[in-house]
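The values are calculated or read from the model by the stated rules, or taken from the named source; none is laboratory data. Please read these numbers as outputs of a predicted model, since none were measured by experiment. Here the Cβ positions follow ideal geometry from the backbone for every residue, glycine too, while neighbour counts run over all protein chains shown.
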Amino acid sequence: MAFLDINHLEKSFGAVHVVKDFNLAIDKGEFVSFLGPSGCGKTTVLRMVAGFETPSSGSIRINGQDVTNLRPNQRNIGMVFQAYALFPNLTVAQNIGFGLRVAGKPRAEIDDRVADMLKLIGLPGLDERYPFQLSGGQQQRVALARALAAKPRVLLLDEPLSALDAKIRVNLREEIRLIQRELGITTIFVTHDQEEALSMSDRVVVMHQGIADQVGTPFEIYNRPATRFVAQFVGTLNLIGASVIDAKAGKIKVGDVPVALNRALPITADGKVSLALRPETVSLGRHEGRNVVLSGRIAEVHFLGSVIRVRVQVGGEFVSLDTFNRPDAPPPEVGSTVQISVSERDLLTLAA
Amino acid sequence: MNGNRAWSWIVILLGSLYFLLPLAGMFEFSMRMKRDGYSFEAYRVVLADPQFQHTFGYSIVLALLTIVLGALIVVPTAYWVRLRLPSARPVIEFITLLPLVIPPIVIVFGYIRIYNTSSILPLTGSWWGTNILTLFGYATLALPYMYRAVDTGLRTIDVATLTEAAQSLGASWTRILATVILPNVLISVLSGAFLTFAIVIGEYVFAALLNINSFGPFMVWMGGNRAYEPSALAVIAFIITWACMGLIQLVTRFSKFSAARR
C-alpha cells in the first residue's frame with residue numbers, strides 16, 4: 001500500500017467544482033509535483049492534504065491512517081508557503097524550533113535539532129537574526145528548515161520558489177531536491193513552472209480543470225503526453241493536420257506526402273487527424289531515418305544562444321524546430337525554401 | 001518668504017496661542033498658592049493628600065484591568081473576524097463604534113436599570129459587583145480605540161498564512177493567539193492600551209453614578225472646594241496623558257522586530 005493515498009477526492013466551493021475525482025498513491029520518499037495553470041485545483045488538493053480545506057468527498061490516508069477529518073495541527077505535516085510565512089516576532093532559531101516547542105521537546109534537544117537544521121540549509125550562524133534581516137532565498141530556506149525540524153511524515157511545498165528571482169530559484173530547487181533525497185521524506189511540490197516540475201520530480205501530476213490529466217515520470221509526461229492539454233502545457237508543441245488514408249493500418253497523408261505510422265489511428269468523422277511533434281524532433285534538411293520530408297519556407301528565426309528556433313511555413317501551417325547553434329553554420333535566412341524531416345515515430349497522435 | 005507662507009505661520013501661531021495660553025495660565029495660577037512668589041505648594045498639597053493617593057491608585061488599577069480585559073475581548077475577536085468572518089467586519093466595526101455614539105450617561109443608566117439590587121444579577125448591591133460593573137463599562141468605552149488599533153495591527157501581517165504555518169507545526173488556537181498573533185500586534189495593543197489608560201484615569205460619569213471612589217470624582221470634588229489645587233491636579237492629569245502618548249511613540253520606535261514592517 002502506498003504511503004500517501006488520495007482516493008476520489010472532490011472539492012466544491014459553492015457551485016464551483018474545483019477538484020474532480022482526484023486519485024493518487026504516493027510511495028514513501030517519493031517527490032511528486034502537481035503541475036498546472038493557475039485555477040487548475042493543484043493548490044486546493046495540497047491544502048486538503050494539509051487539512052486547511054475540508055474535502056467535499058473522498059479520503060486521504062497517510063501511512064494507513066485516515067487523516068481526512070483530522071485538524072491541520074494533528075496531521076504532522078510540514079508545509080512551506082510561497083510567502084515564506086516566517087513568524088516576524090521570532091528569530092531564525094525560534095522559528096525553526098517552533099514545532100518542537102509546540103511538541104514540548106526538552107530545550108537541549110530543540111537546540112541540537114535547530115543547529116542541525118541550520119547546517120542542513122547552509123545558514124549556520126544566522127540563528128539570532130530576525131526574518132526581516134534575511135533575503136528572500138534565506139527566508140525560504142529557514143521556512144524549509146522549520147517545516148522539516150519536527151520530522152513530519154509528509155512535506156508539502158506550495159509554489160515555494162515563485163517569489164524568488166531566477167538564479168536563486170534554480171539554486172534553491174536543486175538544494176530542496178538534495179535535502180529531500182537526503183532525508184527521504186515524502187514530498188508534494190505544487191508549481192505552475194514546468195521546468196521546475198520536470199527537473200525535480202520522481203513523478204509529475206499534470207492537472208487541468210480540477211482533473212489529474214496525466215500522472216507519470218517527467219520522461220513519460222514530456223515524451224508521451226496522454227492528452228492534448230498535457231502536450232500543449234508541457235514544453236513547446238507543433239500541431240499539424242493530416243488526412244487519414246487507412247486508419248487501421250495507420251496510413252496518413254501530411255500535405256502531399258504519404259506516411260505510414262504503423263499503428264492504428266482513431267477513426268474520425270472528417271477523415272482528419274491532428275499530429276503533435278516537439279521542436280527538437282524536427283530537423284532542417286534530409287536525414288537518414290527521418291522519412292517524413294516536407295518542403296516549406298522559413299518564416300522566422302529566433303537566436304536563443306545555444307539553440308536556434310526556426311519557424312517554417314509548411315502549406316498553411318507553421319512548424320517550429322530547434323537546431324543547435326554552431327559557429328561555423330550561420331542560421332538560415334528568412335524567406336528561403338527548405339526541406340524539413342521528421343521520423344514517423346515522433347509524430348504523436350493525441351486523444352482529446 | 002511669500003505671502004502664503006506668512007499666513008501659514010500666522011495661523012499656526014494663533015492656533016498655538018489658543019491651545020497653549022489656557023494651559024500656561026492654569027500652570028501659572030497653580031504656582032501661586034503662596035503669597036510670596038511662585039512655588040509648587042499646591043502640587044505638594046495635592047500629592048500629599050491621602051484622598052488623592054487612594055483615588056489615583058484605585059483608578060490606575062482599574063485602568064490596567066480594563067486594558068487586560070479589553071485586549072482579551074478585542075484581540076481574539078479582531079483576529080477571528082480577519083481570518084474567518086471578513087464579511088462580519090462592518091458589523092463588528094459598527095458595534096465597537098457604538099460607545100462613541102451613545103453617551104456614557106445613557107450606558108450607565110442602562111447598567112443601573114439592568115443590574116440594580118432588585119434585578120436577577122444585582123451587581124450594584126455589593127462592592128465587588130460595582131467594581132466589576134465599572135470594569136466592564138470601561139472596557140466598553142475602550143472598545144473603539146482598542147479594536148481600531150488592533151485591527152490596523154493585524155492588517156500589517158499575513159494573518160491567514162501565519163496561522164496556517166503555525167497550525168501545520170502543530171500549534172493550537174490558544175498557542176497561535178499567544179505566540180504568533182499577540183506578539184505581532186503588541187504595539188497596536190499597547191497604543192490602544194495607552195488611550196484606554198488616559199480615558200479611564202479621568203472618567204467621571206460612570207464613577208459618579210455608580211458611586212465609586214476614583215480619580216475623576218475626586219478631581220471634580222476638588223474643583224468645587226479648593227482654589228489652587230484643582231489647577232495643579234489638572235496639570236498633573238495633563239502630564240500623565242502626555243506621558244502616555246509619548247510612551248506609545250517610544251514603544252513603537254524601540255520594538256526590535258518591527259523595523260521591516262515600517
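In the range B:165-174 there is at least one residue matching the filter, namely being more than 22 Å from B:CYS244 (Cβ to Cβ), polar (S, T, N, Q) and surrounded by fewer than 20 Cβ atoms within 10 Å (Cβ to Cβ). Candidates A:PHE81, A:PHE87: the one that is crowded, with 22+ Cβ neighbours inside 10 Å and either basic (Lys, Arg) or farther than 15 Å from B:GLY170 by Cα (or both) is A:PHE81.
The single condition among (1) buried (at least 18 other Cβ atoms within 10 Å of the Cβ); (2) without any contact (Cβ under 8 Å) to a residue 60 or more places away in the chain that A:ARG297 does not meet is (1). Within the range A:213-227, the residues that satisfy the criterion of being surrounded by 17 or more Cβ atoms within 10 Å (Cβ to Cβ) and more than 12 Å from the chain's Cα centre (by Cα) are A:ASP213, A:PRO225, A:ALA226. Scanning the range A:148-188 for residues that are within 14 Å of another protein chain (Cβ to nearest Cβ), within 19 Å of A:LEU86 (Cβ to Cβ) and crowded, with 20+ Cβ neighbours inside 10 Å yields A:LEU148, A:ALA149, A:ALA150, A:PRO152, A:LEU155, A:LEU156, A:LEU157, A:ASP158, A:GLU159, A:PRO160.
Which residue, of B:MET26, B:MET33, is surrounded by 15 or more Cβ atoms within 10 Å (Cβ to Cβ), of a type outside the set (Phe, Trp, Tyr), outside any helix (DSSP H, G or I) and out of contact with any His (no Cβ under 6 Å at 6 or more places or on another chain)? Testing whether each residue is surrounded by 15 or more Cβ atoms within 10 Å (Cβ to Cβ), of a type outside the set (Phe, Trp, Tyr), outside any helix (DSSP H, G or I) and out of contact with any His (no Cβ under 6 Å at 6 or more places or on another chain) leaves just B:MET33. Being of a type in the set (A, V, I, L, M), in contact with a Ser or Thr (Cβ under 7 Å, 6 or more places away or on another chain) and assigned by TED's automatic domain parsing to the domain that holds A:VAL80 is a property that A:MET207 lacks. Would you say A:ALA103 is closer than 25 Å to A:SER162 by Cα and modelled with pLDDT of 90 or more? No: the conditions fail for A:ALA103. Listed by first and then second residue, the pairs linking a residue in the range B:137-165 that is free of Cβ contacts under 8 Å to residues at least 60 places away in the same chain and away from chain A (no Cβ under 11 Å) to a residue that is crowded, with 23+ Cβ neighbours inside 10 Å and among the charged types (D, E, K, R), with Cβ atoms under 9 Å apart and 6 or more places separating them unless they lie on different chains, form an empty list.
Does any residue of the range A:50-64 turn out to be part of a helix (DSSP H, G or I), touching a residue at least 24 places away in the same chain (Cβ under 8 Å) and within 14 Å of chain B (Cβ to nearest Cβ)? Checking the range A:50-64: at least one residue is part of a helix (DSSP H, G or I), touching a residue at least 24 places away in the same chain (Cβ under 8 Å) and within 14 Å of chain B (Cβ to nearest Cβ). Elements of the type helices (runs of 4 or more DSSP H) sitting completely within the range B:128-247 and holding at least 1 residues that are touching a Ser or Thr at 6+ places or on another chain (Cβ under 9 Å) and under 30 Å from A:LEU70 (Cβ atoms): these cover B:159-168, B:182-202. How about the range A:69-99: which of its residues are hydrophobic (A, V, I, L, M, F, W, C), assigned to a helix (DSSP H, G or I) and more than 9 Å from chain B (Cβ to nearest Cβ)? Result: A:VAL92, A:ALA93, A:ILE96. The number of residues in the range B:250-260 being within 21 Å of B:LEU154 (Cβ to Cβ) and either at pLDDT 85 or above or assigned to a helix (DSSP H, G or I) (or both) comes to 5.
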